[in-house]
Amino acid sequence: MSALEIYQFNCRSDNFGVLIHDPDIGITASIDAPDENAINEALDQKGWTLSHVLLTHHHFDHVEANIALKQKWGAIIVGNQADQDRIPGIDIGVACGQHFDFGTHKAKFIDTPGHTIGHVAIYFADQKLLFTGDTMFALGCGRVFEGTAEQMHKSLSVLAALPDDTVVYCGHEYTLANAGFAMTIDPENSALVERVAQIKALRADKLPTLPTSIGQEKSTNPFLRVDDARIRQRLNMENASDVDVFAEIRRRKDEF
Ligand code: ZN
Ligand code: FE
């Protein structure tokens, strides 16, 4: 069994497109469907044929190309069964906690409500590969649109519990803005300071800051560090619950 090949590209204003390709079987999935033309160009460039679209959530900037890709490629649209009424063109609904067989690889649909109620992260345990959509970003997390702070905090905790060397792809390139905010919450964290310098250098060269890893996010992403003593002290929340600290950091980010 060969490793999945991955191709990440920019599309829309700040979305990422990602293709994953199983070279043994010759199938290719698009993680979300943000942009028909960009996805077709990426497929062209790699010489891959689209077989599936695996969706993290129903927002327009993640499903817009579903129908077009289905028409052009006969791609099978796979999403969270519980959210199937909101996913255009869905063919296969996967229940949270269950796996979808992508060729010889198993994609686990992990329930990650908060940004939307039906949001899932897609996890290939055998590849140590995670697609977090708009739940976790590099140095950030998605806005809590439909769920509660408690749900979002739990969703992030579930992802943070995956192995540190899990490679993480996210739905958007928000890292530079997230870095500026993270420095207001955790400025004395030397791992963060170092990473912010790397991010600035990457963006100055217009290079992507993704993928990241679970280990890197745990040491630098303020939304995963709500139990950190220095952060709590800075927020004057030494004795607050993890959820309350999370909610306060999210509130500050919304106003940042
Ligand atoms: Zn979204
Ligand atoms: Fe999005």
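The values are calculated or read from the model by the stated rules, or taken from the named source; none is laboratory data. What you are looking at is a predicted structure, and each value in this text was computed from that prediction instead of being measured. In this analysis, Cβ positions are derived from the backbone assuming ideal geometry, glycine residues included, and neighbour counts consider all displayed protein chains. These accessible areas exclude ligands, DNA and RNA; they are computed on the full protein's heavy atoms, side chains included. Shrake-Rupley method; radii C 1.70, N 1.55, O 1.52, S 1.80 Å.
Overview of values
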item	result
Lone unmet requirement of (1) more than 12 Å from ALA29 (Cα to Cα); (2) open to solvent by less than 60 Å² (accessible area, probe 1.4 Å) for ALA107	(1)
Residues satisfying the stated conditions in segment 110-141, i.e. open to solvent by less than 20 Å² (accessible area, probe 1.4 Å) and either touching a Pro at 6+ places or on another chain (Cβ under 8 Å) or of a type in the set (Gly, Ala, Ser) (or both)	GLY114, GLY118, HIS119, ALA121, GLY133, ALA138, LEU139, GLY140
Only listed residue being in a loop (DSSP other than H, G, I, E, B), in the same structural domain as THR56 (by TED's automatic domain parsing) and either at pLDDT 95 or above or open to solvent by 20 Å² or more (accessible area, probe 1.4 Å) (or both), chosen from PRO187, PRO208, PRO163	PRO163
Search result, residues across segment 86-104 that are among the β-branched types (Val, Ile, Thr) and within 16 Å of ligand 2 (Cβ to nearest atom)	ILE87
Residue among VAL144, VAL158, VAL193 that is in contact (Cβ under 8 Å) with a residue 40 or more places away in the chain, of a type in the set (A, V, I, L, M), within 23 Å of ARG232 (Cβ to Cβ) and surrounded by fewer than 21 Cβ atoms within 10 Å (Cβ to Cβ)	VAL158
Output for segment 1-35, where each listed residue is open to solvent by 30 Å² or more (accessible area, probe 1.4 Å) and under 17 Å from ASN66 (Cβ atoms)	ARG12, ASP35
In segment 95-104, residue surrounded by the fewest Cβ atoms within 10 Å (Cβ to Cβ) [restricted to those that are without any contact (Cβ under 8 Å) to a residue 24 or more places away in the chain and within 19 Å of the chain's Cα centre (by Cα)]	GLY97
Single match in ILE31, ILE6 (criterion: under 23 Å from VAL120 (Cβ atoms), of a type in the set (A, V, I, L, M, F, W, C) and more than 14 Å from ligand 2 (Cβ to nearest atom))	ILE6
Spans of helices (runs of 4 or more DSSP H) in segment 1-104 with at least 2 residues among the aliphatic types (A, V, I, L, M), in the same structural domain as HIS119 (by TED's automatic domain parsing) and away from ligand 1 (no atom under 16 Å from the Cβ)	36-46, 66-73
